[in-house]
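A.B. asks: This is the structure, below, for whatever I ask next.
The values are calculated or read from the model by the stated rules, or taken from the named source; none is laboratory data. The structure displayed is predicted, hence computed values, not measured ones. All Cβ positions, even for glycine, are placed from backbone atoms using ideal geometry, and neighbour counts span all protein chains on display. In case anyone asks, the SASA skips ligands and DNA or RNA and just uses the protein heavy atoms, side chains included. Shrake-Rupley method; radii C 1.70, N 1.55, O 1.52, S 1.80 Å.
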Amino acid sequence: MKIRKLLLIGFILFNFLLNAQIKAVISNSTYTIETVDLTINNVTVVLSGEGEIQRFYSDNSNGTTDYYDQDVFNKHRAGKLKSLGGIQVDYWDAMNQNDPKYGKIKSIGDLKVDYWDSIHFDPEKAGKVKSIGNITIDYYPKDIIDNSRFGKIKSIGNISIDYGLKDIIDSSKFKKLIKFGSVKLDYWNDNIIEKEKFGRLKFIEGNSKEVSVSVL
């Protein structure tokens with residue numbers, strides 16, 4: 001039974017990696033995530049470190065670029081990008097324009113995009129990307145002990161993301177990206193002999209074609 005479960009998990013992971021590439025770019029000063037490029041089926045969606053779509057692009061963007069008309073009955077998409085080459089783009093409509101999804105990208109070609117919309121239960125997530133295709137994205141909640149990760153991306157699919165927490169002995173990693181799936185990052189922590197390097201990036205290990213981290 002356990003072997004079957006392991007094989008199933010392995011199969012799901014293999015298919016996920018086969019169809020998606022995830023590349024994080026971190027700041028060369030704060031070492032926090034600036035952007036995450038998520039590529040699925042030739043469409044790349046670029047997210048900020050807080051889960052907002054900044055832009056998207058595709059290998060299939062040759063052709064005419066078109067825009068929606070200034071339609072008073074479809075204000076949620078009026079004047080916005082309608083198509084990029086062979087890719088159609090649509091946007092979320094809602095009865096209430098204060099809805100966290102309203103006017104945000106709903107689909108890019110066949111790729112569906114959804115957003116966290118629970119204002120009452122998870123207000124810190126409201127309006128942030130919840131899923132792209134079948135890949136779910138989650139965020140760090142408030143923490144009464146150390147709130148430094150609050151609102152940052154916590155996971156993308158099965159890729160867990162972590163940041164350095166408060167440490168009275170070693171503050172070299174505080175607020176900085178230390179884990180992005182299989183990718184590990186470490187920082188110089190000698191504040192006596194090599195104090196000029198203290199807190200700066202020491203190494204990145206574990207980059208692959210499917211999951212990688214680079215410095216801006």
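A.B. asks: Antiparallel DSSP bridges in the chain: what percent, to the nearest 5?
C.D. replies: If we restrict to bridges inside the chain, about 90 percent are antiparallel.
A.B. asks: Quick check of the Kirkwood formula: for the stretch 153-216, what is the inverse mean of 1/r over all pairs of different Cα atoms, in Å?
C.D. replies: The Cα-based Kirkwood calculation yields 12.6 Å.
A.B. asks: Working from the pairwise distances between different alpha carbons, so that the mean of 1/r is found and then inverted, what is the stretch 89-216's Kirkwood radius in Å?
C.D. replies: Averaging 1/r across every pair of different Cα atoms and inverting gives 17.0 Å.
A.B. asks: Calculate the length of the line joining the C-alpha centroid of the stretch 64-104 to that of the stretch 159-212, in whole Å.
C.D. replies: Spelled out, the Cα-based centre of one part sits 40 Å from the other.
A.B. asks: Please tell me which of these pairs span more than 24 angstrom C-alpha to C-alpha: K23/K202; K80/K176; K106/K184; K142/K195; K101/K179?
C.D. replies: Listed pairs above 24 Å: K80/K176; K106/K184; K142/K195; K101/K179.
A.B. asks: Additional query: Compute the length gained on full extension between A78 and E50: take 0.36 nm times their separation in residues and subtract their Cα-Cα distance, giving the result in nm to one decimal.
C.D. replies: Here the segment from A78 to E50 would lengthen by 7.5 nm.
A.B. asks: Report the longest stretch of the chain that contains none of the chymotrypsin sites (Phe, Trp or Tyr not before Pro) sitting in a DSSP loop with at most 13 other Cβ atoms within 10 Å.
C.D. replies: With chymotrypsin sites (Phe, Trp or Tyr not before Pro) excluded where exposed in loops, the chain gives 1-72 as its longest stretch.
A.B. asks: Hey, another quick one. Would you kindly compute the Cα radius of gyration of the stretch 22-96 and its largest Cα-Cα separation (Dmax), both in Å?
C.D. replies: 15.3, 46
A.B. asks: Over the stretch 68-216, what percent of the accessible surface lies on carbon and sulfur atoms, probe 1.4 Å?
C.D. replies: The nonpolar share, carbon plus sulfur, comes to 52 percent.
A.B. asks: Continuing with this model, one more query. Let me understand the chain better: what is its radius of gyration from the alpha carbons, and its Dmax, in angstrom?
C.D. replies: Here Rg and the maximum Cα pair distance are 19.8, 67 Å.
A.B. asks: For the stretch 94-204, with every protein chain kept in place, what is the accessible area per residue (1.4 Å probe, Å²)?
C.D. replies: Heavy-atom SASA per residue in the stretch 94-204 reads 58 Å².
A.B. asks: Evaluate the distance, in nm, between pseudo-label points positioned 7 Å from the Cα of L216 and of K142 along their respective Cα→Cβ axes.
C.D. replies: Taking the simple label geometry, L216 and K142 are separated by 2.8 nm.
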